[in-house]
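Participant: For reference, the structure I am asking about is given below.
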Amino acid sequence: CSIVVLISGNGSNLQAIIDHFSNKTDSVKIAAVISNEPEAYGLQRAKQAGIEAVCVEHRNFNSRDAYDRELLQTIEQYSPDLVVLAGFMRILTTEFVTAFEGRMLNIHPSLLPKYKGLNTHQKAIDAGDEEHGASVHFVTPELDGGPVVVQSKVPIFEGDTASELAQRVQQQERNIYPLVVDWFSKKRLLMINNKAVLDGKEL
Ligand code: GRF
C-alpha cells in the first residue's frame, strides 16, 4: 500500500507512521510527504527517513482552486492508494476531496462530532468537559465531518491548560493513526456509502 502524507508543521503523527512501518517487510510504503509550509519540521523528518519531501507552497497560488489542482497533480505523480492528512492545516476543495473519495484519512484533535475546526483543546476546557480526545476519520467534503473510524479519549484535569491537554491528546494520536493506516493497507477498512466499515462491520 503506497501512501502520501500531507503535513503543515511538526509532523509527530507522520513520525509515528514512519516508525510504525519502518521495516522493509511492512506493507505500507510512504511514497512522499508533502507540505504547504516550506519550514514544516515534518519535511526534515521525512528526509531523515529517506522519504521524498516536497513543498507545494500555498502562498504561490492566488486561489484555493489553483492550489488544490496543483496539489492533486503532485500527489497523483506518486499514484498512492491512500492520502493521509497529518496536521495539514488547510481546508480542501470539494473537487480535491472527491478525487480521493474513500482513500483519504484525517486525524482531528477532538471527539467528533464535537469541536470541528480549530482550537479544539480550549473549546473542550471552556465547555467544562471531563473528557476530550482525537478522532481518525475518512475525509468527505464536509469539514471534519466524514465517518469516524477510531476515537481515543483522554481525561481533562482541573486546571489543565490547552497546551497540556494537547500534549495528552497528541500522545494518543500517535497510537491510533498508524493502526488505522495499517487496517486500510490490509483492506480491512473501507468507506462504503459514506460509512466506515471495518472487517465487514459498519463502525
Ligand atoms: C494534531 O493534533 C492533529 O490532530 C491536528 O494537527 C496536529 C498535528 O500535529 N490535525 P503533528 O504535526 O502531527 O505533530
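Participant: Which one is surrounded by the most Cβ atoms within 10 Å (Cβ to Cβ) among residues in the range 32-48 that are part of a loop (DSSP other than H, G, I, E, B) and touching a strand residue (DSSP E or B) at 6+ places or on another chain (Cβ under 8 Å)?
Facilitator: Filtering first and then ranking leaves ALA40.
Participant: Might you let me know whether the range 92-107 holds any residue that is closer than 23 Å to ASN193 by Cβ, away from the ligand (no atom under 13 Å from the Cβ) and acidic (Asp, Glu)?
Facilitator: yes
Participant: State which residue is farthest from GLN167 (Cα to Cα) when the search covers only the range 4-32 and only residues that are more than 10 Å from the ligand (Cβ to nearest atom) and under 12 Å from the mean Cα position of the chain (by Cα).
Facilitator: If we take residues in the range 4-32 being more than 10 Å from the ligand (Cβ to nearest atom) and under 12 Å from the mean Cα position of the chain (by Cα), then VAL4 is farthest from GLN167 (Cα to Cα).
Participant: Checking the condition without any contact (Cβ under 8 Å) to a residue 24 or more places away in the chain and of a type outside the set (Val, Ile, Thr), which residue from ARG174, ARG103, ARG90 passes?
Facilitator: ARG103
Participant: Same structure, new question: Among the numbered criteria (1) surrounded by 15 or more Cβ atoms within 10 Å (Cβ to Cβ); (2) out of contact with any Phe, Trp or Tyr (no Cβ under 8 Å at 6 or more places or on another chain); (3) part of a helix (DSSP H, G or I), which one does ARG59 miss?
Facilitator: Against the list (1) surrounded by 15 or more Cβ atoms within 10 Å (Cβ to Cβ); (2) out of contact with any Phe, Trp or Tyr (no Cβ under 8 Å at 6 or more places or on another chain); (3) part of a helix (DSSP H, G or I), ARG59 comes up short only on (1).
Participant: Quick check: is even one residue across the range 20-31 part of a helix (DSSP H, G or I) and crowded, with 17+ Cβ neighbours inside 10 Å?
Facilitator: yes
Bear in mind these aren't lab numbers, they're just calculated from the coordinates by the rules spelled out. Being a predicted model, the structure only gives us computed values, none of them experimental. All Cβ positions, even for glycine, are placed from backbone atoms using ideal geometry, and neighbour counts span all protein chains on display.
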